[in-house]
Amino acid sequence: MSGKRAAQAALRVAGVALLFIFAWLTYRYFDSRLLLRQLAELVRHPADLAGAAFVYGVSFWLRAWAWKQYVGKPIAFSVYWRAVLLSLFINHFVPVKIGDAARVAVLARQPGVSVGEAVESVAVMRLLDMAVLGGFAAFGMYMYMHQIPGIPLLAALAAAGFVLVLIVFRRPLRIDRLWRRWRTVFHSWRGMLIVAAVAASWLCEASVIGAIARTVGMPLSFWQAVWVNSATVSGQIAQVAPGGVGTYEAVMAFALTVLGVPWGMAYAAAVLTHAFKFLFSYAAGAVVLALWQSDWQAVRGVWKKERERR
């Protein structure tokens, strides 16, 4: 078995294991009355929900802005914005993470952008996302679990991220050209702004978890929410169900219990938070596809290739 296939198989096994953990958590801690009570509490605070949706949207706006700065071509910002939202929609609609392929398809349709350039830019932004999340997660492990991730673990995470890119795009990346590009972009103020925007985007997403948690009577500090979000999203590398159903809830519930939250409340908070993200992704995807119907072609192409591969 090749290294790529072995990594892919390992991720699938991890994803299935997390699904079993989620099933056990559901059997052990599912409480319809608690869920309904927390849901009712959210509904009673529409301003807080609207604020959370706005901040969540800003997080994707920042990622689109960072992506545009990296590409550095005179292409309308709306192209990057809608491609990011389409990626979010697809990742919450199909069982595997192929949303980045849609980002490539949308960008590659623009004048002056080759498929190779689109693949490279999306791969770099994804690796940057994982680097930022990995940094937040590692810091949180030290702060809240009193453990420092060892070098082997960090190296394994980096390797997993790189393999994930290869799996998603099904083609080798020209490392020498990529390295030269990185040096050009990231050894400048523009590179610092790109990194800052990506980091800010994840801080915005984390604040959504904090806002929802506070609304249902489970206060988290800002940095606790950052760590919970980073650990949870990092776990989505093993996604085997649409939107990471099961993996998301299992990892988030564990992270919350580390902070002292009871398992039952942690489970309910994870379910509600993930439901919020599902609703946002579907609403955003519907708006994009309604306003830019030409992007249906890119979406259909991605789905068709995935069905053929299976």
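The values are calculated or read from the model by the stated rules, or taken from the named source; none is laboratory data. The model shown is predicted, which means the values in this text are computed figures rather than measured ones. Here the Cβ positions follow ideal geometry from the backbone for every residue, glycine too, while neighbour counts run over all protein chains shown.
Quick notes
- Some residue of region 53-72 being under 23 Å from ASP295 (Cα atoms), in contact with a Leu (Cβ under 6 Å, 6 or more places away or on another chain) and not aromatic (Phe, Trp, Tyr): no
- The lone exception for ILE75 - which of (1) under 23 Å from ILE209 (Cβ atoms); (2) in contact (Cβ under 8 Å) with a residue 12 or more places away in the chain it fails: (1)
- Test result for ARG126, charged (D, E, K, R), touching a residue at least 24 places away in the same chain (Cβ under 8 Å), under 28 Å from VAL16 (Cα atoms) and part of a helix (DSSP H, G or I): yes
- Helices (runs of 4 or more DSSP H) lying entirely in region 16-91 (those with 3 or more residues that are over 19 Å from SER207 (Cβ atoms) and out of contact with any helix residue (DSSP H, G or I) (no Cβ under 9 Å at 6 or more places or on another chain)): 32-43
- Among (1) touching a residue at least 24 places away in the same chain (Cβ under 8 Å); (2) touching a Leu at 6+ places or on another chain (Cβ under 7 Å) - the single one ALA118 does not satisfy: (1)
The rows are residues; the columns are (1) of a type in the set (A, V, I, L, M, F, W, C); (2) without any contact (Cβ under 8 Å) to a residue 60 or more places away in the chain; (3) in a helix (DSSP H, G or I); (4) farther than 30 Å from TYR80 by Cβ.
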position	(1), (2), (3), (4)
LEU220	yes, yes, no, yes
SER234	no, no, yes, no
ALA284	yes, no, yes, no
VAL288	yes, no, yes, no
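- Region 84-113, subset within 19 Å of TRP292 (Cα to Cα) and small (Gly, Ala, Ser), residue modelled with the lowest pLDDT: GLY99
- In summary, VAL119 fulfils each of the numbered conditions (1) closer than 30 Å to SER188 by Cβ; (2) in a helix (DSSP H, G or I); (3) at pLDDT 85 or above with the single exception of condition (3).
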